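A quick write-up on the structure given underneath.
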Amino acid sequence: MDYKARFAQAIDGIRAEGRYRIFRDMERRRGAFPRAIWHGPDGPRDVIVWCSNDYLGMGQHPTVLQAMHDALDKSGAGSGGTRNIGGTTHYHVELEREIASLHEKDAALLFTSGYIANETTLSTLSKILPDCIFFSDELNHASMIEGMRRNGAEKRIWRHNDVAHLRQLLGEASAAAPKLIVFESVYSMDGDVAPLRDICALAKEYDALTYLDEVHAVGLYGDKGGGLAQRDGVMGDIDIIEGTLAKAFGVMGGYIAASKVLVDVIRSHAPGFIFTTSLSPVLAAGALASIRYVKENRSLREALQERAAMLKSLLNKHGFRMLPSESHIVPVLISNPVQCQAVCDALLQDHGIYVQPVNFPTVPKGTERIRFTPSPAHDAAMMAQLVESLVAVWSSLKIERAA
């Protein structure tokens, strides 16, 4: 077999569809978020980042950076091993306690990423509950889908945010079967949110466990940043909360928070946790400092929502096609992968604005979009420049703004 030709053919197919992914060479500037340096074909250039998941800019916050410097000086770079063999440091223990407190749970467990947290936890639950049925929202993240698929458990997909359809599927299942309702709070590509209270009510009615992915909500909603479950007053009704340290908290890592016995089961049975090196204590220290800061600074969350509302208003005023986002995420539809890439290229090269196209398989074909993520650091002048640049690029590429 000509392996090289087969690999090239696979890449050529993606290029032909206009969805080949280009990784931009960016250098974040400490303390200057959302400004960065793009190392492009004509050399380094200052740009403004509009697509970062560092939603609050905490990855550049002095409190976080100082905590990481201190941990590096005290403990060195790496953890030294898996959690069971040398890789549990005091930073990990303190961070898990802080996460459990944030989500009002008995315990928490750290993973190297949110993806691994989802995949590992869900696949382990299906191993512990071999006859379980997953009830999955159709727009759940790939990591959740992969976790549910891993051990061949039965999965029933309910239409996105359609509680009536979820009720129908639950009613059709055996009353004796273990059931897990798996869903997200904020859906990151559309910006809409789940009806948490209604889902929790169904879980009680049908004796199902609830598994909530809060990665795009933790730190950003709720009085202390505990996520949408905290904002909506249903924290006690959610059995397992999964979150990330890499978005609102600006560092790296994922976690689950749940009852002590459930966390112990995952800790004791999950290969994706047992056999991997733990997070660097430097990262754990930074995440710990970030959570503590964000919890006590509600003004960050208020500023984020104000900036998102401002950008939505400006884009609406100029007739751009937007999805009806209820959150801080601002998706603008283009519906063509080639045009989507062309828009991003023009914004970067001609206007110093960095965003990335969102194409299939992240979103369905025909719904290609640009996903803007305004932060408290994006001021009115930056927003005005962004909208002016979008108007110019839409005009030059002859893209219709109105639906």
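The values are calculated or read from the model by the stated rules, or taken from the named source; none is laboratory data. Values in this document were obtained by computation on a predicted structure and should not be read as measured data. Ligands, DNA and RNA are stripped out before the accessible areas are found, and what is left, the full protein with its side chains, is counted by its heavy atoms. Shrake-Rupley method; radii C 1.70, N 1.55, O 1.52, S 1.80 Å.
Tell me the mean residue ellipticity at 222 nm calculated for the chain from its helices only (DSSP H runs of n ≥ 4, each -39500 (n - 2.57), averaged over every residue, nearest 500). Mind showing how you got there, number by number?
Working: 14 runs with 170 residues, N = 403.
Value at 222 nm, helices only, nearest 500: -13000 deg cm²/dmol.
Remind me, relative contact order of segment 178-319 in percent, using alpha carbon pairs under 8 angstrom and six or more residues apart?
After rounding, I find 19 percent.
Just the number: Rg to Rh for segment 323-399, Cα atoms, Kirkwood Rh, two decimals. Present the calculation step by step, with values, prior to reporting the outcome.
On the way: Rg = 12.4 Å, Rh = 12.9 Å.
Result: Rg/Rh = 0.95.
Rounded to the nearest Å, what's the spacing between the alpha carbon centres of segment 1-52 and segment 346-396? Just the number, please.
Centre-to-centre distance over Cα atoms comes out at 15 Å.
Taking a ≥ b ≥ c as the square roots of the eigenvalues of the Cα gyration tensor of segment 90-211, is the shape rounded (a/c under 1.5), prolate (a/b larger than b/c) or oblate? Show your work: numbers first, answer last.
Working: a/c = 1.65, a/b = 1.45, b/c = 1.14.
Judged from the Cα gyration tensor, segment 90-211 comes out prolate (a/c at least 1.5, a/b above b/c).
³J(HN,Hα) across segment 183-191 via Karplus (A = 6.51, B = -1.76, C = 1.60, θ = phi - 60°), whole Hz, x for Gly/Pro?
7, 10, 8, 10, 8, 6, 8, 9, x
Could you give the alpha-carbon Rg of segment 113-163 over 2.2 N^0.38 Å, rounded to two decimals? Before the final figure, lay out the partial values.
On the way: Rg = 10.6 Å, N = 51, 2.2 N^0.38 = 9.8 Å.
Relative to the 2.2 N^0.38 Å estimate, segment 113-163 comes out at 1.08.
Considering Cα pairs under 8 angstrom that are at least six residues apart, work out the relative contact order of segment 72-213 and quote it in whole percent.
17
Under the rule a/c < 1.5 gives rounded, and otherwise a/b versus b/c splits prolate from oblate, where does segment 6-95 land using the Cα gyration tensor?
Oblate, since a/c reaches 1.5 and b/c is not below a/b.
Taking the 0 to 90 degree range and rounding to the nearest ten, how far is the long axis of helix 196-205 tilted relative to the main principal axis of the chain, both from C-alpha atoms?
On a 0 to 90 degree scale, this one is about 20.
Let me make sure I get this right: for segment 135-192, a, b and c are the square roots of the gyration tensor eigenvalues over alpha carbons, sorted descending. Under 1.5 in a/c it's rounded, otherwise prolate if a/b > b/c, else oblate. Which is it?
In terms of gyration-tensor shape, oblate.
Could you list, in their original order, any pairs among Lys127/Lys224; Lys105/Lys224; Lys179/Lys365; Lys204/Lys312; Lys247/Lys312 whose Cα atoms are separated by more than 25 Å?
With Cα atoms farther than 25 Å apart: Lys127/Lys224; Lys179/Lys365; Lys204/Lys312.
Taking the Cα centroid of segment 89-117 and of segment 271-287, what is the distance between the two, rounded to the nearest whole Å?
10
Round to a whole number: what % of the accessible area of segment 57-180 belongs to carbon and sulfur, probe 1.4 Å?
Percent of accessible area from carbon and sulfur atoms in segment 57-180: 52.
With a cut-off of 8 Å between alpha carbons and a minimum separation of six or more residues, what is the relative contact order of the chain in percent?
Relative contact order, the chain: 21 percent.
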